[in-house]
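To keep things clear, I will list the structure first and then write my remarks on it.
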Amino acid sequence: MKFKQQLSSDELTDPLRSWLSKGLGKELWEAEQDVLNRILSGLYGSHMAQISLNPLVDVAEKSTVPHKVIVYHRLELGMHPFSIVAQSNELPIEHNSIDVVILHHALDFSSTPHQVLREASRILRPGGYIVIVGFNPWSWWGLRRKLSRKQTKPIWHHAHFIGHGRLSDWISLLELTEVKAESHYFYPPYQTDTIRQRFKWIEPVLKRFVPGAGAFNVVLARKDVGSMRVIQNRKRSRRFIKLPVVEPATRGQTRGTR
């Protein structure tokens with residue numbers, strides 16, 4: 001399936017940043033940040049790469065990984081000191097050099113999300129982890145996006161909403177191992193805070209009976225490399241069969257001549 005991006009990266013940057021800074025977007029971002037803090041606290045290493053929607057926010061602030069790099073498609077004022085200006089589908093990072101890669105909605109707003117995931121797998125060292133955060137199509141948000149017919153749609157409608165099943169297939173094709181998958185934030189996508197609070201009772205119900213219906217999914221995958229197995233030769237006892245050998249007739253004549 002081909003993914004078509006309605007807007008370019010530059011056109012999406014400012015509206016997405018504005019949406020994530022207030023109201024519904026901010027509440028969703030905070031919920032995602034809580035989940036990332038919990039997952040990243042258990043991941044260790046020396047190098048981490050973050051590919052997200054906002055280069056001014058360090059989503060791995062609670063991580064213990066010392067060296068962090070933020071990848072973004074354009075230069076921004078106030079960016080992290082260790083930042084790389086590059087496209088997410090062509091990372092100028094060495095093979096097998098990163099311990100943890102964070103794809104924070106990086107697949108949702110890319111015209112080639114499978115290539116972004118392939119690049120993340122390429123730079124990941126054996127034994128390293130990829131943390132993927134993305135919108136869930138099997139949620140209130142996915143249903144609202146599918147049924148909406150308005151001319152002016154919210155900025156999050158432009159996301160791809162890649163399902164967990166498809167993402168698992170991509171992970172398997174890249175020979176990664178899915179460690180865990182979680183779904184969170186079960187509120188409907190209403191912009192008004194008071195309306196969202198009316199659905200506060202529904203979150204524990206859906207979380208218990210429909211745990212995969214959250215607004216966003218978080219998938220943790222590991223890059224496993226099969227160890228080499230040394231094939232040892234079996235020690236077999238050598239058994240020689242003694243056969244009667246006829247002594248040459250010329251042996252005695254040769255000794256006499258000498």
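The values are calculated or read from the model by the stated rules, or taken from the named source; none is laboratory data. No experiment lies behind these values; they were computed from the predicted model shown. Reconstructed Cβ throughout: ideal geometry from the backbone, glycine too, with neighbour counts over all protein chains shown. Just the protein is used for accessible areas: all its heavy atoms, side chains included, with ligands, DNA and RNA removed. Shrake-Rupley method; radii C 1.70, N 1.55, O 1.52, S 1.80 Å.
Which shape class, rounded, prolate or oblate, goes with the stretch 59-203 when its Cα gyration tensor gives a ≥ b ≥ c as root eigenvalues, a/c under 1.5 marks rounded, and past that a/b bigger than b/c marks prolate?
Working: a/c = 1.82, a/b = 1.61, b/c = 1.13.
It is prolate, given that a/c is not under 1.5 and a/b is the larger ratio.
Please report, as a whole percent, how much of the solvent-accessible surface of the stretch 153-232 comes from carbon and sulfur atoms (probe radius 1.4 Å). Intermediate results must be reported in sequence, preceding the final value.
Details: 2690 of 4850 Å².
In the stretch 153-232, the share of accessible area belonging to carbon and sulfur is 55 percent.
Using a 1.4 Å probe on the protein chains only, how many percent of the accessible area of the stretch 1-95 belongs to carbon and sulfur? Write down the numbers at each step before the final one.
Working: 2810 of 5200 Å².
Carbon with sulfur: 54 percent of the solvent-accessible area.
In a solvent-free Debye calculation with one equal scatterer on each Cα, what is log10 I(q)/I(0) for the stretch 78-158 at q = 0.17, 0.24 Å⁻¹, listed in the order of the q values?
For the stretch 78-158, the Cα-only Debye profile gives -0.79, -1.16.
Can you give the extra length, in nm with one decimal, that the chain gains between R74 and S97 once fully stretched, where that is 0.36 nm per residue apart less the Cα-Cα distance?
Length gained, R74 through S97: 6.0 nm.
Counting pairs of alpha carbon atoms under 8 Å apart in space and at least six apart in sequence, what relative contact order in percent does the stretch 80-170 give? Kindly include the intermediate steps, with their values, before the conclusion.
Values: 105 pairs, mean separation 26.8, N = 91.
Averaging sequence separation for qualifying contacts and normalising by length gives 29 percent for the stretch 80-170.
Which loop trypsin sites (Lys or Arg not before Pro) in the stretch 113-150, with loop taken from DSSP, have no more than 13 other Cβ atoms within 10 angstrom of their Cβ?
R149, K150
Once you put a point 7 Å from the Cα of A181 and another 7 Å from the Cα of R166, both along the Cβ direction, what distance in nm separates them?
About 1.3 nm separates the two model spin labels.
Given a 1.4 Å probe, how much area per residue of the stretch 48-98 is accessible, in Å²? It would help to have the intermediate numbers written out before the result.
Details: 2680 Å² over 51 residues.
Normalised by residue count, the accessible surface of the stretch 48-98 is 53 Å².
Where only protein heavy atoms count, and the probe is 1.4 Å, what is the accessible area per residue for the stretch 153-230 in Å²?
So the stretch 153-230 comes to 58 Å² accessible per residue, rounded to a whole number.
How about the stretch 43-104: which chymotrypsin sites (Phe, Trp or Tyr not before Pro) there lie in a loop by DSSP and see at most 15 other Cβ atoms within 10 Å?
Those satisfying the criteria are Y44, F82.
Which ³J(HN,Hα) values, rounded to whole Hz and listed in residue order, are derived for the stretch 196-202 from phi using the Karplus coefficients 6.51, -1.76 and 1.60 in 6.51 cos²θ - 1.76 cosθ + 1.60 with θ = phi - 60°, glycine and proline given as x?
5, 5, 5, 9, 5, 5, 7
Using amide H atoms built in the peptide plane, which far-off residues or other-chain residues are under 5 Å from F216 H to H?
HN-HN under 5 Å from F216: N136, H184.
Express in nm, to one decimal, how much length is gained between V225 and Y190 on full extension, taking 0.36 nm for each residue of separation and deducting their alpha carbon distance.
Roughly 8.2 nm would be gained on extension.
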